[in-house]
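Asks: Starting off with a structure, shown below.
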Amino acid sequence: MKLYVNDISSATSRVRIALAIKGISVETLPVTILGENPENRGADYLRVNPQGLVPALVTDKGTLVTQSIAIIEYLDELQPNPPLLPAGLEQRALSRAVALTIAAEIHALVPPRIARRLSSIPGMDAAGIADWNRHWTVEGLTAVDSLLASHGAGPFVGGEQPSIGDILLFPQMVNAERAGMNLTQWPAAAAIYERLKAVPAFADNAPAPRK
């Protein structure tokens, strides 16, 4: 299989974590996503993935799978053990809810393409974009933390083993920490994050810092 990636991408980090948990090897192909002419917006890459996003997985059958959650679920069905979804019904729902909150309510509002659009709006500067990113990150992680606390989650999102909720939570917390946010405002999420940092599949596949 081939995986189109970018090291700073938290979505790429999610899939790499899932691959590491599963012990699956793939060929990785780097794609730039920043700068004046990023490769992900170019014609060559758009022929691979019309969405122009990373990661994108091309299976051994030549089938394109896009979107990190869809890729993670594909890998989980391709190789069921160890599972990336908890066994319990409520725990599975919680893990999915955390994953979707991060993917749809935080990450969707703060990637480079959103920053490019915001920068084209008159009166919007770098400080305004940073404030935008911080606002949606804080709002989203506050909701995630309340969800985790209300369910008594632990030691990981879905219980005793890391699951898809942890796979999405970890890169988001890495980025929040690098942005200078105080993670203690999210005690339930921060406690899980600290445990995940001790798991090699997570620690070795965190998103790279932006240069």
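Taken together, the values in this text are just the output of simple stated rules run on the coordinates, not laboratory data. Predicted model, so just to flag it, every value in this text is computed and none were measured. Positions of Cβ are backbone-derived with ideal geometry, glycine not excepted, and every protein chain shown enters the neighbour counts.
Asks: So if R0 is 22 Å, what FRET efficiency would Lys211 and Ala43 give, r being the distance between their Cβ atoms, rounded to the nearest 0.05?
Replies: Values: r = 26 Å, r/R0 = 1.18.
According to the calculation, E is roughly 0.25.
Asks: Modelling each spin label as a point 7 Å along the Cα-to-Cβ direction, I'd like the Ala93/Ala179 distance in nm, to one decimal.
Replies: Result: 3.0 nm between the two label points.
Asks: Would you mind estimating how fast the stretch 107-206 diffuses translationally, via Stokes-Einstein at 10 °C and 1.306 mPa s with the Kirkwood radius over Cα pairs, in µm²/s? Please report the intermediate quantities before stating the final value.
Replies: Details: Rh = 14.5 Å.
Answer from the Stokes-Einstein relation: 110 µm²/s.
Asks: Moving to a separate point now. Identify all lysines with a Cα-Cα distance to Lys22 below 18 Å; exclude those on the same chain that are fewer than 8 residues away in sequence.
Replies: In chain and number order, the partners are Lys2, Lys197.
Asks: Quickly rank 8-14, 40-46 as a protection proxy: mean count of other C-beta atoms within 10 Å, highest first.
Replies: Most protected by this proxy first, the peptides run 8-14, 40-46.
Asks: Extending each Cα 7 Å along its Cβ direction at Ala126 and Arg113, get the distance between those two points in nm, one decimal.
Replies: Going from the Ala126 label point to the Arg113 one covers 2.4 nm.
Asks: For Val5, enumerate residues with amide H under 5 Å from its amide H, sequence gap 5+ or separate chain, H modeled in the peptide plane.
Replies: Leu29, Val31
Asks: Per DSSP H run of n ≥ 4, the term is -39500 (n - 2.57); total these for the chain, divide by its residue number, and report the mean residue ellipticity at 222 nm rounded to 500 deg cm²/dmol. List each step's numbers first, then the result.
Replies: Details: 9 runs with 105 residues, N = 211.
My calculation for the chain gives -15500 deg cm²/dmol from helical runs alone.
Asks: If packing is taken as the average count of other Cβ atoms within 10 Å, what order do 111-124, 166-179, 62-75 fall into, highest mean first?
Replies: Listed from highest to lowest mean packing, they are 166-179, 62-75, 111-124.
Asks: Let me ask something else about it. Normalised by the residues of the stretch 67-137, what does the relative contact order come to in percent, with Cα pairs under 8 Å and at least six apart? Spell out each step's value before the answer.
Replies: Numbers: 21 pairs, mean separation 15.5, N = 71.
Over the stretch 67-137, the number comes to 22 percent.
Asks: Find the percent of Cα-Cα distances in the stretch 1-142 that exceed 27 Å, and round it to a whole number. All intermediate terms of the calculation are to be shown ahead of the outcome.
Replies: On the way: 2864 of 10011 pairs.
Here the long-distance tail beyond 27 Å is 29 percent of all Cα pairs in the stretch 1-142.
Asks: Over the chain, what is the relative contact order in whole percent, taking alpha-carbon pairs under 8 Å and six or more residues apart? Don't skip to the end; give the middle numbers.
Replies: Details: 273 pairs, mean separation 51.2, N = 211.
The value is 24 percent.
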